[in-house]
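The values are calculated or read from the model by the stated rules, or taken from the named source; none is laboratory data. Computed from a predicted model, the values in this text were never measured in an experiment. Positions of Cβ are backbone-derived with ideal geometry, glycine not excepted, and every protein chain shown enters the neighbour counts.
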Amino acid sequence: PLVLGIETSCDETGIGIVRGRTLLSNTIASSMDEHARYGGVVPEVAARAHLEALQPAIEAALAEAQVSLSDLDAVAVTSGPGLAGALMVGVGAAKALAVSLDKPLYAVNHLVGHIAADILTGDEVEYPTVALLVSGGHTSLLLVRDLVSDVELLGETMDDAAGEAFDKIARILGLPYPGGPEIDKAAATGDPQTIRFPRGMSRASDMAEHRYDFSFSGLKTAVARWVEQREAAGEPVSVPDVAASFREAVVDVLVTKALDACARHDVPRLLLGGGVIANKRLRDVALERAQAAGVAVRIPPLSLCTDNGAMIAALASELIMSGRPASTLAFGADSTLPVTTIQVEPSS
Ligand code: ATP
Ligand code: MG
Ligand code: FE
């Protein structure tokens, strides 16, 4: 099926078009720059940016895919989770499009969309797989037995998302937003062994008790305190060393838990997704330790890892190919949609 996907859960306006499992276009307009002076995504600013970016993004995606609206077999949209106001813009646009074109509409889960992105790489993708999704808005560890019917949440962050932690530490160190790339740059010349920052909730007993939840607020406090104490004592703070030590702590926790989940569930596959995957240290450590553990790692290209519309179209395409009915128009934006709800409001 030819599917157009709309993604507006955070600060990316993503329009993607797929035919079956083939990617035809993936247009992304980000309002990241508009949030920079606030040090994080401002929901109202994001929602308004989506409103302005949607129409041109749809036109660009259609042109690139060399198809017209009437060619479409279905429209797909992110129903949640995400920022309520931002989601609402996409949901409204998708409904209007589907109704005016008289095409079926598939309302889907954003996190499961991140997993579906992997299908567009053209490789043979196998399940079950453990998936680690790390971005500015989420840090989730999932067990995917079947993309369209069986996704289980193993753990998620109890406080800050991993990308958010990078952004906050960057601010403490006087680096601009978004912090991830800046910390990465600074860490390149730093020594990750200088400071042993805490690895929140990553002892074996934690993993047993808290499933696979994450916590990064303790780490953030530890970094802030370390910097404050050095400054109070009049000692120099090496930004590269702090950045490298912080990054090592985050990477260590993420990879340790993901691979522990693979072992616990006897799943020799790990999929990585989300914008934090841009972090080369995270990719390197994951690949190295996974190889030692006999786990195959999949990392789609970054354009499919960050928020995008193609992954939403891909998930809908899979739903259609497995014979699922379209969603009714009774759904809305659901900022806390659980990952177990892969499709919202399917008509029976
Ligand atoms: P969502 O949470 O809905 O997926 P988002 O817009 O918050 O959306 P992304 O756009 O996927 O998330 O990713 C942005 C985040 O990734 C930011 O927090 C940014 O700091 C982080 N990031 C980007 N590059 C790197 C990097 N090299 N290392 C670490 N973090 C990074
Ligand atoms: Mg983003
Ligand atoms: Fe996302």
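What the table below lists for this structure:
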| quantity | calculated |
| --- | --- |
| Residue within segment 202-212 that is at pLDDT below 95 and either closer than 29 Å to R37 by Cβ or surrounded by 22 or more Cβ atoms within 10 Å (Cβ to Cβ) (or both) present | yes |
| Residue within segment 96-117 that is more than 16 Å from ligand 3 (Cβ to nearest atom), among the polar types (S, T, N, Q), surrounded by fewer than 18 Cβ atoms within 10 Å (Cβ to Cβ) and within 19 Å of the chain's Cα centre (by Cα) present | no |
| Residue list for segment 290-302, restricted to those being within 15 Å of the chain's Cα centre (by Cα) and either in a loop (DSSP other than H, G, I, E, B) or within 13 Å of ligand 3 (Cβ to nearest atom) (or both) | I299, P300, P301, L302 |
| Scan of segment 322-348 for residues that are out of contact with any Pro (no Cβ under 7 Å at 6 or more places or on another chain), aliphatic (A, V, I, L, M) and touching a residue at least 24 places away in the same chain (Cβ under 8 Å), ordered by number | L329, A333, V339, I342, V344 |
| Pairs, first over 21 Å from L2 (Cα atoms) and away from ligand 2 (no atom under 16 Å from the Cβ) in segment 289-311, second in a strand (DSSP E or B) and of a type in the set (K, R), C-beta under 6 Å, six or more apart | A296/R269 |
| Count of segment 122-143 residues which are crowded, with 20+ Cβ neighbours inside 10 Å, more than 15 Å from ligand 1 (Cβ to nearest atom) and not β-branched (V, I, T) | 1 |
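Residue-by-condition table, conditions (1) more than 16 Å from ligand 2 (Cβ to nearest atom); (2) farther than 30 Å from G323 by Cβ; (3) small (G, A, S); (4) under 21 Å from the mean Cα position of the chain (by Cα):
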| residue | (1), (2), (3), (4) |
| --- | --- |
| S140 | no, no, yes, yes |
| D150 | yes, no, no, yes |
| P178 | no, yes, no, yes |
| A188 | yes, yes, yes, no |
| D191 | yes, yes, no, no |
